[in-house]
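The values are calculated or read from the model by the stated rules, or taken from the named source; none is laboratory data. Just so we're clear, the structure is a prediction, and the values are computed from it rather than from any experiment. Cβ coordinates were reconstructed from backbone atoms using ideal geometry, including for glycine residues, and neighbour counts include every protein chain displayed. Ligands, DNA and RNA are excluded from the accessible area calculation, which covers all protein heavy atoms including side chains. Shrake-Rupley method; radii C 1.70, N 1.55, O 1.52, S 1.80 Å.
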Amino acid sequence: MSRLCHTLFCAVLLASPAAAQNLDSLLGRMTLAEKLGQLNLLSANGQASPQQLQLVRAGKLGGLFNVIGAENTTPVQRVAVTESRLKIPLLFGLDVIHGYRTIFPIPLGEASSFDPDAAEATARAAGQEAAAFGINWTYAPMVDIARDPRWGRIAEGSGEDPYLGSLLAAARVRGFQQTIFATAKHFAGYGAAEAGREYNETEISQRTMREIYLPPFKAAVDAGVASLMSAFNDIAGVPASGNAWLTDTVLRREWGFTGFVVSDWTSVAELINHGVAGSRAEAGRRGLMAGVDMDMQSSIYVDSLAALVRSNRIPLRVVDSAVMRILRAKKRLGLFRDPYRAHTAPPNAELRALARRVAGESIVLLKNERSPLPLDPNAGTIAVIGPLADNKEEPLGPWHTQGQASDVVTVLQGVKSKVVAGTQVVYAQGSGIEDSATAGFAEAVAAARQAKVAILVLGERGDMSGEAASRSSLGLPGVQEQLLEAVAATGTPVVLVLMNGRPLILEWAWDHVPAIVETWFLGVEAGNATADVLFGAVNPSGRLPVTFPRVLGQIPLYYNHRNTGRPPDPNNKYTSKYIDVPVTPRYPFGFGLSYTTFSYSNLKLSAARARVADTVTATVTVTNAGNREGTDVVQLYVRDEVASLSRPVRELKAFRRVALRPAESRTVELRIAVRDLWFYGLDMKRVVEPGTFRVFVGPSSAEGLEASFECIP
Ligand code: BGC
């Protein structure tokens, strides 16, 4: 544990009774207005406004967010700790999602690395950089499970799997919390928005909530996350920002969470729109009573709750508990000791090297038919085409905080830096991202005609995913598909480089383009990392953290579904499938190619029978059967064959990145702790039931060697 982490997080554990008493005595000195003030959080617009400074002075603000730069946070903090009556320091929040100034891959992209250490490293770096600019609290990681690619915020999370999502949630919390506080969001079920429509209602059974949507939050809590953010959505009619079952029963009583809960932006006031409160005061009462401690941007707690407390409609102890959670957090963060928390950012070269390495790991090779990739840097003329080929803005993705387009290396620049003298790189934009104009096609086609290979860089604008960016169709926007077809019609081999924040559905490309590389939005080093992969300096090792459907009508489509009573059978019409499209995805969860091939043999389990307290070790021989060094992601899935209720056909339970030299074989070990094979039984209690578990070990959720063991009572 680093010194900072130690300072930050052991402070609370080591806090002496005297220190605890200090907070008690501080609470004892607070007026009701000052207490409600601590529960109030407002957004600034780069700088605190004069009105906000006045609130700070009056003790009516617990934190501010979107104050940018230490030159702006420091003077506000000075007002808080010198001019307010009780001198309580402020939290300074910001959405540092995948980088502060140095932008790393979007979280969904980074999840493709199946590398929690990488996620921890980028979160740590982002936290350090943000801290150097006065931030002490981020609204990340977003740990919402998403099974619907129409939902734009799928870009901000780790995809569809609770196990991968949990490991990444914990890793990111650990990373951020080396220097700043993290927030696991959005609690909970936000990713289940019906029809993928942003902010929409959700219908989640308690079992699915506990087995699919909640585990990444639990992992964040277990990793010591300081705060959780309550979500916008309702769950079967109960809004998450006024949901005592979530924020009190599960979070505090079952999980023992001692941090604080902040609402999402005006989500307390929105309880009125949900139709569960008839006035602002009633909305505030509902939020606070449910356990939402801090009110982001509604100003309801501070403006409307005092009268309800005085009339005992809100017990004072509820206010006191919320205030104490905020004060304890400030103490844990060290703000009472050092309100300004001066930090220095890691050196730029180090940040960029990390960004390039992790971006390289995040790229998924979807197709490489007859191996057009990697490219030969000496190949003669290379055409680089498309609206995203030389675009500096979009690789930053939907939520890039202080990221600057000028910091971005484009794919065109990356390609140019790779080719050897004598190889010409010709560029044509071809079209805009969403344009309907095809006037640029002729230039693109001419560029392709004179080239040995055409790299097309196509996809979405950064802000076509992220918040409030649901899409009802998932093809390439504008005329990009036609541009692709026009270039392909030249006969010049095409390499399609995709930039997007969600799975796209590209029926024509999947079938007709020989080489397809999914790069998501990779951040400032996008162009270098992409070129590293295109020319083979980096052998792609990314794997899909989310299913790619064939057609829109298959959504929602995810690998860990149940079997049904009539599992699909091509020879039987009356089974669970479509009459017009295969039931399988285009690219399954866990899928990704490499420039080498890996073969699997000799799967063995350490025991044929095991008790709940035991660990079963699977060993498998993985061989690099090609002639390039490469990294495989060995994945282990489990299926509970017979249980008291229907269980998923597969669930990811372990994985490991394994680097292998050509012809090298390695025995890879993956452990299954039997106690992790729980589910919620008929009585809604967590149980591991005796019986047979089938184990699959392979390179994706759709393949693998099989073995099984018996769980015995
Ligand atoms: C988003 C949150 C974000 C908050 C503060 C909201 O609109 O849903 O994810 O943290 O704004 O910027």
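Residue farthest toward the positive end of the dipole of the chain, with Cβ of Lys/Arg at +1 and Asp/Glu at -1: which of Val517, Val658, Ala439? Sorting the options by dipole projection puts first Val658.
In a shell of Cβ-Cβ distance under 12 Å around Val268, excluding Val268 itself, what net charge do Lys and Arg (+1) and Asp and Glu (-1) give? Net of charged neighbours comes to -3. Rounded to the nearest angstrom and listed largest first, the equivalent-ellipsoid semi-axes of the range 486-621 from its Cα gyration tensor are 32, 26, 15.
Simple rule: put +1 on each Lys or Arg Cβ and -1 on each Asp or Glu Cβ in the chain, find the dipole, and look at Pro75, Ala146, Ala405; the Cα lying farthest toward the positive end is Pro75.
Charges on Cβ only, +1 for Lys and Arg, -1 for Asp and Glu, centred on the Cα centroid of the range 488-604; of Pro567, Thr492, Gly536, which one is farthest towards the dipole's positive end? Checked the options; the winner is Pro567. Of the accessible area of the range 598-711, computed with a 1.4 Å probe over protein heavy atoms only, carbon and sulfur atoms account for 44 percent.
In the range 4-332, the portion of solvent-accessible area held by carbon and sulfur atoms comes to 51 percent [1.4 Å probe, whole percent, DNA, RNA and ligands not counted]. Taking the empirical scaling 2.2 N^0.38 Å for compact globular proteins as reference, the chain has a Cα radius of gyration ratio of 0.98. Using all pairs of distinct alpha-carbon atoms, the Kirkwood hydrodynamic radius of the range 361-554 works out to 16.5 angstrom. In terms of distances greater than 30 angstrom between alpha carbons, the cross-link table entries Lys218/Lys330; Lys185/Lys330; Lys218/Lys577; Lys330/Lys653; Lys330/Lys392; Lys218/Lys367 yield Lys218/Lys577; Lys330/Lys653; Lys330/Lys392; Lys218/Lys367.
When only the Cβ of Lys, Arg, Asp and Glu is charged (+1, +1, -1, -1), the dipole of the chain relative to its Cα centre reaches about 1960 debye. FRET efficiency for the pair Arg253 and Asn312, taken as 1/(1 + (r/R0)^6) with r the Cβ-Cβ distance and R0 = 25 Å, rounds to 0.55. Here the range 666-713 and the range 540-609 have alpha carbon centers that stand 18 Å from each other. Net charge of the neighbourhood of Leu605, taken over other residues with C-beta under 12 Å away and scored Lys/Arg +1, Asp/Glu -1, is 0. Averaged over its residues, the range 4-332 has an accessible area of 31 Å² per residue, based on protein heavy atoms and a 1.4 Å probe. Within the range 4-332, the percentage of alpha carbon pairs spaced more than 38 angstrom apart rounds to 9%. Taking the DSSP beta bridges in the chain as the whole, what percent of them are antiparallel, to the nearest 5? If we restrict to bridges inside the chain, about 55 percent are antiparallel. A simple rule links phi to the HN-Hα coupling: the Karplus curve 6.51 cos²θ - 1.76 cosθ + 1.60 with θ = phi - 60°, which for the range 513-525 gives 9, x, 10, 9, 10, 8, 10, 6, 10, 9, x, 5, 9 Hz, with x for Gly and Pro. A Förster radius of 22 Å combined with the Cβ-Cβ distance from Ala439 to Glu369 puts the calculated FRET efficiency at roughly 0.10. Per-residue Karplus couplings for the range 37-43, computed as 6.51 cos²θ - 1.76 cosθ + 1.60 with θ equal to phi - 60°, are listed in order as x, 5, 8, 9, 10, 10, 8 Hz, Gly and Pro entered as x. Between His512 and Arg661, the modelled label-to-label distance comes to 4.5 nm, taking each label 7 Å out from Cα in the direction of the beta carbon. A straight Cα-to-Cα reach below 15 Å connects Lys685 with the aspartates and glutamates Glu211, Glu254, Asp676, residues fewer than 8 places away in its own chain not being considered. Estimated at 0.36 nm per residue, the fully extended path between Glu481 and Asp580 surpasses their Cα-Cα distance by 33.4 nm. Between Thr490 and any residue 5 or more places off or on another chain, the built amide H atoms are never under 5 Å apart.
Which FRET efficiency value, to the nearest 0.05, do you get for Gln450 and Ser406 by plugging their Cβ-Cβ distance into 1/(1 + (r/R0)^6) with R0 = 22 Å? Once rounded, the FRET efficiency stands at 0.10. Using heavy atoms of the protein chains and a probe of 1.4 Å, the accessible area assigned to Lys87 is about 100 Å². Relative contact order of the chain, taken over Cα pairs closer than 8 Å and 6 or more residues apart, is 13 percent.
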